[in-house]
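Down below is the structure, laid out as structure tokens.
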Amino acid sequence: MADPTDAGDGSGVPPVPAPEADAEPLAPDDLIGAPLAEDEDEDEDQGEEEDGDRDRDGDGGAGPHPAPEQRREKDEREEDDRGYDDLRRVHQLVSNNFYGTVDATGAAFGFGTASSPGLSPGTIEPREADRALRFFLRTQPCFDEALARLRADRLVVLTGRDGCGRRAASLALLRTVLGRAARLRSMSPANALAQLAASQDLKPGQGYVILDYAGELPDQAVQTYEVGRLGEELRRKGSYLVITAGDTTRRRLALRDHCVPWQAPDPVALFAHCRAELPAARLDPGTEQELLARIGEQPRPADVVAAAEALSRDGAEKALETLRDRHRELVQEHFRKQPSADDLLPLAALAFLEGIPERTFEKECAALAAHVRNWEQSGETPVGEPDGTGRTPLRPTVAEQSRARWKQRAAGLVTTEHRPGPGRDAGRSERRLVFVSPRVRELVIAELHDLYGYELWYPLRQWLGELALRGDLDTRTEVARGVALLARYALVEVDENLLKVWSDGITSQRVTAALTLQFMCEVEHLAPQALTIVLGWTANSGPGRAVTAAMALTGRLGSLYRLEALNQLWFLTLRGERIAFSARRSLALLLQTAEQDPERVRFLLRWVRTVVKNTAPASRERSIALRTAVQLLEAVRLEAPEPVTAAVLRTVPDSARHLGSLWADVLHSTNRSRAVGALCRTLVQLRDDPSVTGAVRELGEAMRNAMTERQWAALCHHLSIALRHPDYAIPGARRLAQVLLGSLRGRAPADPRRATAPLLPTTPFPSAQGGRSK
């Protein structure tokens, strides 16, 4: 998908956290005291502005804080630091999965496991729409009714259950009215309708789509007259809007007259349509009859398409295996036997703690049994029987072979594997209980939700809350995965009983809530709901939830909804210092996790540049934006203690231009010493890599173009001083600095009377004693 939105379209850039109090200087003291030429006035204004920021950002107002208040703020900062350390470790372990392909099993049919076009806001290219519509079959009379409504009102809302094909239908409708070559635009599912209704900048002849619309924030709810005005504006511009949403949208007064209920096509007809589009596969009459019988039972078009593709590619037996869903049959058969509490509780615990060391799992499983025992002692219905009959005592004995019991407890569902923990070698492997397939874990949670009521889920929720409070990071990560799976079937329950509590708790709980929302984004129809929950935490929900929102906007949520995440984090940087600090940390994490995605890196850097340029000189916003920029320039990689900027210059084309602009902006501010230090560390890291010479030269050229002659000469002077520091006085770094500053050679000075000094001293640098100029 193309860039979601040009950085110039957004409001501003995410600011970075202010320098931490205990941070070591990044350059010699001489450098800190000497402003770049022509910057003295701006620095003075910014210094005054930052003093004002501290007064406005503090919780206690102007004046010194009392000792208890200072201790509280210090404790909160340390807690938040621990939370971001946890997030960083999780991103290190699972970043490849977080930013891989989103599970599209519930999406519009016809594109397999690839991420659905339009899931992330941005332009939907014609080839992406072609992929989504390869097997699309018009459902009548739904399609004709929706098409007529769209042509008449320029706006239509397709409602129906998840997985019924309404996404593909939205693209098909827009291409029908605008032509196959039309480039469509996907909007954010959270608040886009309110933004469109208030916008006067709709593009002519544009097709807009809002997939899985999640509603607006309470204070921005769209009214009937605003929807009517939007329809008039769409008509005037010759544009169209299609929204897909759940059935509850039909009850909204503002949209009721625009809703068309959507139904999935007949599965047998769709299967025949797919076979006509795919290479032929031979079928004997008996197999074909069984295949068609199972096809007719499929409610989701995506499953029908998957079976047709399996038939064409691998033959009839593979297609039947796809439709039989062996794992579902095994799980359902297991629960039909009504397992006793001794067997039910360990399986329920494993659904939320898969893959942790077996010794840890057994301890937490015993804790769950204790919660259930306490619940049953209150005289309520035991959990061991779905129908509430009978009572199974929970009295395990020391002599019971509990580990061997797994062979009978969940045969065909659970197995064991040995693997080391994070950072451990293979010789430190531990036995871990895992499901035979990730799908089994999801199906077990689905059956638990369908069959068991309050008698099980009340103690189970208490247990999950305890794990979120005191569990180690591995445990809490698995709890988040399990709760995200539960959200597929009980979103409201998860939000109200778990996420709302955890998001305003201590650091361990807030990290668990943030991870849960990120894992929810692995299912397409839950991603908009996760975004909506986060947006609700950013305003008028207290500082704790605002910090949790900042944490949640890293990871996959920030990857899917790039501009929305950046704008929300920018908004949070303008609030109290604790919230602003967290937002800036999140912005740095977004860059760190985007390192292997060049498009995302460029988008983030463009956005930061745009915000810096759009803020007024000497304003509070400019100060925040520049502190944000310098924190991004100082960020280190997740996988290694080296600057992200070095990795970006190596691997991301055109990044030097954006980084050069940011460095030039920061060098004009009170953050210059940190900027020079970050530049030196980048040069040191790249010193032995000849392939980056061109990128470093381009970086210098970009910086030079953004500076006056006096500023450039000052930079040369300050960089030469900084490179004498023991940490940077390395010959390879000096050579690369000559390449960086070589952009000045061959240029006539703006003032011929001012000759510039040599770019760097030609004499060798001092070694360990060269860190301070005399």
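Things worth noting here:
- Count of segment 174-198 residues, restricted to those that are part of a loop (DSSP other than H, G, I, E, B) and within 23 Å of Glu226 (Cβ to Cβ), is 5.
- Among the candidates Gly536, Gly482, Gly465, residue that is farther than 21 Å from Phe435 by Cα, part of a helix (DSSP H, G or I) and under 19 Å from the mean Cα position of the chain (by Cα): Gly536
- Among the residues of segment 601-615, the ones that are closer than 15 Å to Ala647 by Cβ and either surrounded by fewer than 21 Cβ atoms within 10 Å (Cβ to Cβ) or in contact (Cβ under 8 Å) with a residue 60 or more places away in the chain (or both) come to 1 in all.
- Segment 520-539, subset under 26 Å from Arg77 (Cα atoms) and surrounded by fewer than 24 Cβ atoms within 10 Å (Cβ to Cβ), residue modelled with the lowest pLDDT: Ala539
- So Pro299, is it exposed (fewer than 15 other Cβ atoms within 10 Å of the Cβ), in contact (Cβ under 8 Å) with a residue 24 or more places away in the chain and not in a helix (DSSP H, G or I): yes
- Hits in segment 330-359 - residues which are over 17 Å from His449 (Cβ atoms), part of a helix (DSSP H, G or I) and touching a residue at least 40 places away in the same chain (Cβ under 8 Å): Leu330, Ala341, Asp342, Asp343, Pro346, Glu358, Arg359
- Residues that are free of Cβ contacts under 8 Å to residues at least 12 places away in the same chain and either touching a helix residue (DSSP H, G or I) at 6+ places or on another chain (Cβ under 9 Å) or loosely packed, with under 13 Cβ neighbours inside 10 Å (or both), drawn from segment 70-84: Gln70, Arg71, Lys74, Asp75, Glu78, Asp81
- For segment 152-163, a residue qualifies if it is of a type outside the set (Ser, Thr, Tyr) and out of contact with any Phe, Trp or Tyr (no Cβ under 6 Å at 6 or more places or on another chain), and the qualifying residues are Ala152, Asp153, Leu155, Val156, Val157, Arg161, Asp162, Gly163.
- When residues of segment 590-623 are limited to those that are assigned to a helix (DSSP H, G or I) and of a type in the set (Val, Ile, Thr), the one farthest from Leu667 (Cα to Cα): Thr593
- Qualifying residue in segment 375-385 (condition: part of a helix (DSSP H, G or I), in the same structural domain as Arg461 (by TED's automatic domain parsing) and modelled with pLDDT of 85 or more): no
- Listed by position, the helices (runs of 4 or more DSSP H) contained in segment 629-727 that have at least 1 residues being over 33 Å from the mean Cα position of the chain (by Cα) are 693-705, 709-722.
- Just one of the listed residues (Ala269, Ala293) is out of contact with any Lys or Arg (no Cβ under 9 Å at 6 or more places or on another chain), free of Cβ contacts under 8 Å to residues at least 40 places away in the same chain and not hydroxyl-bearing (Ser, Thr, Tyr), namely Ala293.
- For segment 144-173, the set of residues classified as assigned to a strand (DSSP E or B) and closer than 17 Å to Leu270 by Cβ is empty.
- Among residues of segment 431-450 that are outside the structural domain of Leu485 (by TED's automatic domain parsing) and free of Cβ contacts under 8 Å to residues at least 24 places away in the same chain, none has a Cβ under 9 angstrom from a residue that is of a type in the set (Ser, Thr, Tyr) and assigned to a helix (DSSP H, G or I) at a sequence gap of 6+ or on a separate chain.
- If only residues of segment 547-580 that are assigned to a loop (DSSP other than H, G, I, E, B) and under 14 Å from the mean Cα position of the chain (by Cα) are counted, the one that is farthest from Thr516 (Cα to Cα) is Tyr561.
- Qualifying residue in segment 581-589 (condition: among the polar types (S, T, N, Q), part of a helix (DSSP H, G or I) and out of contact with any helix residue (DSSP H, G or I) (no Cβ under 7 Å at 6 or more places or on another chain)): no
- Single unsatisfied condition, Glu290 versus (1) surrounded by 18 or more Cβ atoms within 10 Å (Cβ to Cβ); (2) part of a helix (DSSP H, G or I): (1)
- Residue check, Ser312 touching a residue at least 24 places away in the same chain (Cβ under 8 Å), of a type in the set (S, T, N, Q) and under 29 Å from Leu133 (Cα atoms): yes
- Check on Ala319, crowded, with 20+ Cβ neighbours inside 10 Å, in a helix (DSSP H, G or I) and at pLDDT below 90: yes
The values are calculated or read from the model by the stated rules, or taken from the named source; none is laboratory data. For clarity, every value in this text was computed on a predicted model and none was experimentally measured. Cβ coordinates were reconstructed from backbone atoms using ideal geometry, including for glycine residues, and neighbour counts include every protein chain displayed.
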